[in-house]
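Only one structure is covered here, and it is reproduced in the block below.
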Amino acid sequence: MSSTVDGHGIQSFEKPRYVIKRVLAKPQHEGDGAIVRRSIGGSELRNLDPFLMLDEFSVSAPAGFPDHPHRGFETVTYMLEGSFTHQDFAGHKGTIHAGDLQWMTAGRGIIHSEMPAAEGVQKGLQLWINLSSKDKMIEPRYQELQSKDVSRVDKDGVDVHVIAGEAFGVRSPVYTRTPTMYLDFTLRPGTQLHQKMPESWNAFVYVIEGEGIFGDSIASPVSSHYAIVLSSGDGLSVWNRSSELLRFVLVGGQPLNEPIVQYGPFVMNTQAEIEQTIEDYHYCRNGFENARHWQSQA
Ligand code: FE2
């Protein structure tokens, strides 16, 4: 189970993870005039338990994601460039900027808007993490971290922002109801990384910038806008043999192993629960009460 460091400083794992699938996230329209690159949640990769969706969004006002509901999972918005303002039907409102993070537990129901808050292109990642059946109807909750409060380590040419979980001995304060790790790595040219991970968790990488070699030192490089699904294993090795920075997120989670029935922004376990949710939303009840008199301020 443990990893070792040999005399050359090269860390090896008992069961290294390797790439089992590559998915190019092609641009598609979403929300109101917004463009997203969807990897998880698209036709090539419906989900990767507990992950339901990963979008890299690129949005300029007046486009955005106006008032819409969620139930049954969490949305994690991580800004890469620019700013986004969110408002919800319970009066919660805020703006996140590059490097900031919003971890929203929709639970039994949220209606909100997510809109650009600055001129130009706003970019970020939005990840949807499923909640287990026992957590789907919990009260909504927010965890927000500003960039300055995100744990960060810069060591041997590798910079990491610890969004969730742990890296290089540093832990994120974010509470993950579904056990999750979410690490934002930048590797300078000529560097390598060996990151331990729980062996049975499902995990993927999404490349934001540059190109890297993942899992096997002789594998072909993976470039930006690709998601790669990893095999099970106790760690991942990454090499940046290019002359540019390599930036990617490494995300892993403990699978829920429960049935998934999704209807757009509602994710439950059964068709009956989805029908109930559509009714609750329509009649503003069971968590959607505030919808009756709410509309976001444009
Ligand atoms: Fe949303």
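Taking trypsin sites (Lys or Arg not before Pro) across region 15-111, the ones in a DSSP loop with at most 13 further Cβ atoms lying within 10 angstrom of their Cβ are R46. Working value for the chain: equivalent-ellipsoid semi-axes of 33, 21, 17 Å, each the square root of 5 times a Cα gyration tensor eigenvalue, largest first. Phi angles across region 186-200 convert, under the Karplus curve 6.51 cos²θ - 1.76 cosθ + 1.60 with θ = phi - 60°, into 3J(HN,Hα) values of 10, 10, 6, x, x, 9, 9, 9, 10, 10, 6, 8, x, 4, 8 Hz, Gly and Pro given as x.
Helix 271-283 and the long axis of the chain differ in direction by around 50°, with both axes built from C-alpha atoms. Distant-in-sequence amide contacts of G107, defined by a placed amide H-H separation under 5 Å and a gap of 5 or more residues or a different chain, comprise G72, F73. Ordering S113, S231, G169 by the projection of their Cα atoms onto the charge dipole of the chain, which places +1 on the Cβ of Lys and Arg and -1 on the Cβ of Asp and Glu, puts S231 at the extreme positive end. Multiplying the residue separation of T270 and E258 by 0.36 nm and subtracting their alpha-carbon distance yields 3.3 nm.
A full extension of the chain between Y18 and K155 corresponds to an added length of 47.0 nm, given 0.36 nm per residue minus the alpha carbon distance. With all protein chains kept in place, the per residue accessible area of the chain amounts to 44 square angstrom at a probe of 1.4 angstrom. The chymotrypsin sites (Phe, Trp or Tyr not before Pro) found in region 162-261 that occupy coil by DSSP, while having at most 16 further C-beta atoms within 10 Å, are F168, Y175. Here is the list for region 110-148: trypsin sites (Lys or Arg not before Pro) lying in DSSP coil, each with at most 12 other C-beta atoms within 10 angstrom of its C-beta, are K134.
The values are calculated or read from the model by the stated rules, or taken from the named source; none is laboratory data. A quick note: this is a predicted structure, and the numbers were derived from the prediction, not measured. Every residue, glycine as well, gets a Cβ built from its backbone with ideal geometry; the counts of neighbours run over all protein chains shown. The accessibility values were calculated without ligands, DNA or RNA, using every heavy atom of the protein model including side chains. Shrake-Rupley method; radii C 1.70, N 1.55, O 1.52, S 1.80 Å.
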